[in-house]
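What follows is a short report on a single structure.
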Amino acid sequence: MDLGEDLDYENGQFVNFVFNDEKWIIQRTYSIVSKENNIFTFLIKLGDWRWSLVLKNSRVWDNLWFTHISGDFLLKKSKNQKIFIASWTWLAPIFNMINSLNNEEKITLYFWVRTKKDLFYIDKLKNIKNLEFKVYLSREELEGYNFWRINLDNIKYSENTEFYICWNPSLLKDTKEVLIKQWYNNIYFEDYLN
């Protein structure tokens, strides 16, 4: 999506869009996956929601409006090991963060969807240097994939490890509790998911 000007943003931030479906105005936020020049890429799951219908009916070069770029879910500039946890299109800010690292050190991504056909961006993720990629499928048992949901009960990382989490708010709460019980303190997520 060409936002028309070369806008600055930080890795992990989102854009607040304003949609008008001729009945009333709807605002939705979408995290930035990548930016090249003034072309921004977003991961958007389309369904039967009102804002999805506006997008489905849009054509190339139609105008969409946005109010601001914002968000406090930012990648820390540290040398600590980084673990990323995401599901579905909540992968967007996580992919943005991972892709911005120089990846001299190993980083890990835990990614969860329901079935193999729900997977996306896999080729792009596989091309990222030093990325350990753990995929979980909750409704399909297949060789090469972990079954059920992401389980962090018995992980072993250094105490300074940073965890970046972007997924369902109720799962986020549970994941935070699991990590805190294991004495991890560097846990980051977008505030609106709390």
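The values are calculated or read from the model by the stated rules, or taken from the named source; none is laboratory data. Note that the structure is predicted; figures quoted are calculated from it, not measured. Here the Cβ positions follow ideal geometry from the backbone for every residue, glycine too, while neighbour counts run over all protein chains shown.
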Take the conditions surrounded by fewer than 17 Cβ atoms within 10 Å (Cβ to Cβ) and in a helix (DSSP H, G or I) and apply them to Lys176. Does it pass?
yes
When the stretch 51-70 is examined, which residues are found to be surrounded by fewer than 14 Cβ atoms within 10 Å (Cβ to Cβ) and assigned to a helix (DSSP H, G or I)?
Lys56
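Residue check: is Leu171 in contact with a Lys or Arg (Cβ under 9 Å, 6 or more places away or on another chain), part of a helix (DSSP H, G or I), among the hydrophobic types (A, V, I, L, M, F, W, C) and surrounded by 13 or more Cβ atoms within 10 Å (Cβ to Cβ)? Break it down stepwise before answering.
Working: in contact with a Lys or Arg (Cβ under 9 Å, 6 or more places away or on another chain): yes; part of a helix (DSSP H, G or I): yes; among the hydrophobic types (A, V, I, L, M, F, W, C): yes; surrounded by 13 or more Cβ atoms within 10 Å (Cβ to Cβ): yes.
Here the answer is yes, as Leu171 does meet what is asked.
Residue by residue, here is whether (1) outside the structural domain of Asn146 (by TED's automatic domain parsing); (2) in contact (Cβ under 8 Å) with a residue 12 or more places away in the chain; (3) farther than 30 Å from Thr161 by Cα holds:
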site: Val18; (1), (2), (3): yes, yes, yes
site: Ser52; (1), (2), (3): yes, no, yes
site: Asn57; (1), (2), (3): yes, no, yes
site: Leu75; (1), (2), (3): yes, yes, no
site: Leu109; (1), (2), (3): no, yes, no
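Test Leu46 against the criterion of being more than 12 Å from the chain's Cα centre (by Cα) and within 30 Å of Tyr145 (Cβ to Cβ), and give yes or no. Lay out the reasoning, then the answer.
Numbers: more than 12 Å from the chain's Cα centre (by Cα): yes; within 30 Å of Tyr145 (Cβ to Cβ): yes.
Criteria met by Leu46.
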When you scan the stretch 28-35, do you find a residue that is over 24 Å from Leu119 (Cβ atoms) and of a type in the set (A, V, I, L, M, F, W, C), even just one?
no
Considering only the stretch 141-159, I want to know if a residue exists there that is touching a strand residue (DSSP E or B) at 6+ places or on another chain (Cβ under 6 Å) and either in a helix (DSSP H, G or I) or loosely packed, with under 11 Cβ neighbours inside 10 Å (or both).
yes
Residues that are surrounded by 13 or more Cβ atoms within 10 Å (Cβ to Cβ) and either in contact with a helix residue (DSSP H, G or I) (Cβ under 7 Å, 6 or more places away or on another chain) or among the hydroxyl-bearing types (Ser, Thr, Tyr) (or both), drawn from the stretch 71-89
Phe73, Leu75, Phe84, Ile85, Ala86, Ser87, Thr89
Could you go through the stretch 80-87 and let me know if any residue there is among the polar types (S, T, N, Q), in the same structural domain as Ile155 (by TED's automatic domain parsing), closer than 29 Å to Val18 by Cα and assigned to a helix (DSSP H, G or I).
no
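Considering only residues that are surrounded by fewer than 12 Cβ atoms within 10 Å (Cβ to Cβ) and more than 18 Å from Leu75 (Cα to Cα), which ones fall in the stretch 6-44? Explain how you work it out, then say what you get.
Pass one, the stretch 6-44, residues surrounded by fewer than 12 Cβ atoms within 10 Å (Cβ to Cβ): 6, 8, 20, 22-25, 36-37, 39.
Listed by number, the residues that qualify are Asp6, Asn20, Glu22, Lys23, Trp24, Ile25, Glu36, Asn37, Ile39.
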Within the stretch 90-106, can one find any residue that is assigned to a strand (DSSP E or B) and either buried (at least 21 other Cβ atoms within 10 Å of the Cβ) or not assigned by TED's automatic domain parsing to the domain that holds Tyr30 (or both)?
no
Against the condition in a loop (DSSP other than H, G, I, E, B), touching a strand residue (DSSP E or B) at 6+ places or on another chain (Cβ under 8 Å) and not small (Gly, Ala, Ser), how does Leu46 come out, does it pass?
no
